[in-house]
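Everything below concerns the one structure shown next.
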Amino acid sequence: MLKVFEAFAGIGTQRMALRNLGIPHEVVAIAEIDKFAIKSYEAIHGPVNNLGDISKINPDDIPDHDLFTYSFPCQDISVAGKQAGLDIDSGTRSGLLWECQRVIATKKAKYLLMENVKNLVGKKHKPNFDKWLDWLESQGYTNYWQVLNAKDYGVPQNRERVFCVSILGKHSPYVFPGKQELTIRLKDILEDDVDEKYYLSEEKTRSITWTL
């Protein structure tokens, strides 16, 4: 049974991925502060041991785990944001990545998993990403990262994201899954009868189309 600690847990999408893949697992704890995300998480997955703010957690209080997921906030590195960055001690939301050092150094999970926006490996933020990878290597991890597109894995959406898998100690080399032929289109999953509350107003529609 794979024991999992989810930092920046959101609504538990990485936990859902394990479930969809049929991987036996137990989430021993999460770290999440957004009240709406927590409410959604528990509605989807049930009650959970939420340790709260990652920056305030004592790593010794975290149950032992095999997999640590740490898909940290993207707001400060996303091209849609203000590009405040993720420097150490920057105080940005994306800079919370560095809080994970305490967890990793103390708990030494066998596997680490991170997903974030493609701009993490863009010109501005790649130096910090490289610094992060170097630190993981100093802790005994081997890192494998790649930019993957959702449309190549069964989802009708052009959505590129960076995925990083880190494995502690001796192991067989990790290989990212190959691309799959897309057999479903967006119109195949959209509902025909949708409540009007989900419609965009004319003003919002104009503001969006103006940027295209």
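Find the residue count for the stretch 1-51, including only residues that are at positive phi and acidic (Asp, Glu).
Looking only at that region, the number is 0.
Given (1) touching a helix residue (DSSP H, G or I) at 6+ places or on another chain (Cβ under 7 Å); (2) farther than 26 Å from Lys179 by Cβ, identify the lone condition not met by Cys74.
Tallying (1) touching a helix residue (DSSP H, G or I) at 6+ places or on another chain (Cβ under 7 Å); (2) farther than 26 Å from Lys179 by Cβ, Cys74 fails exactly one: (2).
Mind listing whichever residues of the stretch 86-114 are out of contact with any Phe, Trp or Tyr (no Cβ under 8 Å at 6 or more places or on another chain), surrounded by fewer than 16 Cβ atoms within 10 Å (Cβ to Cβ) and within 14 Å of Phe72 (Cα to Cα)?
Gly91
Under 7 Å between Cβ atoms, at least 6 apart or on separate chains: pull out the pairs that start in the stretch 168-187 with a residue that is farther than 30 Å from Thr142 by Cα and end on any residue that is outside any loop (DSSP other than H, G, I, E, B).
So the pair list comes out as Leu182/Lys151.
Of Asp61, Asp89, which residue is among the acidic types (Asp, Glu) and under 14 Å from Ala31 (Cβ atoms)?
Selected residue: Asp61, the only one of Asp61, Asp89 that is among the acidic types (Asp, Glu) and under 14 Å from Ala31 (Cβ atoms).
Select from the stretch 1-33 the residues that are of a type in the set (Asp, Glu) and touching a helix residue (DSSP H, G or I) at 6+ places or on another chain (Cβ under 9 Å) and write down the one among them that is nearest to Leu67 (Cα to Cα).
This residue is Glu6.
Six or more apart or on different chains, Cβ atoms under 6 Å: show the pairs whose first residue is in the stretch 130-148 and without any contact (Cβ under 8 Å) to a residue 40 or more places away in the chain and within 13 Å of Leu97 (Cα to Cα) and whose second is assigned to a strand (DSSP E or B) and not aliphatic (A, V, I, L, M).
Taking only residues 6 or more apart or on different chains, the pairs are Leu133/Asn143; Leu136/Asn143; Leu136/Ser166.
Report yes if some residue within the stretch 74-85 is crowded, with 16+ Cβ neighbours inside 10 Å and closer than 25 Å to Leu18 by Cβ; otherwise report no.
Yes; the residues of the stretch 74-85 include at least one that is crowded, with 16+ Cβ neighbours inside 10 Å and closer than 25 Å to Leu18 by Cβ.
Hey, Asn128 hits all of (1) within 26 Å of Ala105 (Cα to Cα); (2) in a loop (DSSP other than H, G, I, E, B) but one; which does it fall short on?
So the condition that Asn128 fails would be (2).
All of the numbers you see were taken from the coordinates with simple rules; none came from a lab. Note that the structure is predicted; figures quoted are calculated from it, not measured. Neighbour counts run over all protein chains shown; Cβ positions are idealised from the backbone, glycine included.
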